[in-house]
Amino acid sequence: MPEEWRRSIFVPISKNKGDIQSCTNYRRIKLMSHTMKLWERVVEHRLREMTRITVNQLGFMPGRSTMEAIFMLRQVMERYKE
């Protein structure tokens with residue numbers, strides 16, 4: 001993979017809350033080349049085709065949410081609490 005594909009820069013973005021002088025009120029985003037973004041999508045697509053992911057995997061999955069996992073965990077905890 002060519003070096004220029006792997007180059008990226010981090011840019012601080014304000015969270016729009018609190019003191020703008022405080023570093024804790026910023027998050028970083030990574031700016032990459034378009035070629036690298038395309039390459040990552042190709043690799044991700046191939047990995048998703050090859051990898052078996054159970055229905056229990058909720059984080060970082062299209063159409064699924066970790067909020068669902070938290071909700072299900074709370075339901076199980078309540079059921080076994082009784």
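Observations
- Leading residue by the ranking (modelled with the highest pLDDT) among those in segment 29-58 that are among the basic types (Lys, Arg) and over 21 Å from Glu4 (Cβ atoms): Arg46
- Pair list, Cβ under 6 Å, 6 or more apart: segment 46-59 residue closer than 25 Å to Phe71 by Cβ, other residue surrounded by 10 or more Cβ atoms within 10 Å (Cβ to Cβ): Leu58/Arg64; Leu58/Thr66; Leu58/Glu68; Leu58/Ala69; Gly59/Thr66
- The set of residues from segment 12-21 being outside any strand (DSSP E or B) and surrounded by 10 or more Cβ atoms within 10 Å (Cβ to Cβ) comprises Lys15, Gly18, Ile20.
- If the condition is being among the β-branched types (Val, Ile, Thr) and in a loop (DSSP other than H, G, I, E, B), then segment 32-72 contributes Thr51, Ile53, Thr54, Val55.
- Any hit, segment 61-74, residues being surrounded by 10 or more Cβ atoms within 10 Å (Cβ to Cβ) and of a type in the set (Asp, Glu): yes
The values are calculated or read from the model by the stated rules, or taken from the named source; none is laboratory data. As the structure is a prediction and not an experimental result, all values here were calculated from the model. Glycine also receives a Cβ, built like all others from the backbone with ideal geometry; neighbour counts cover every protein chain displayed.
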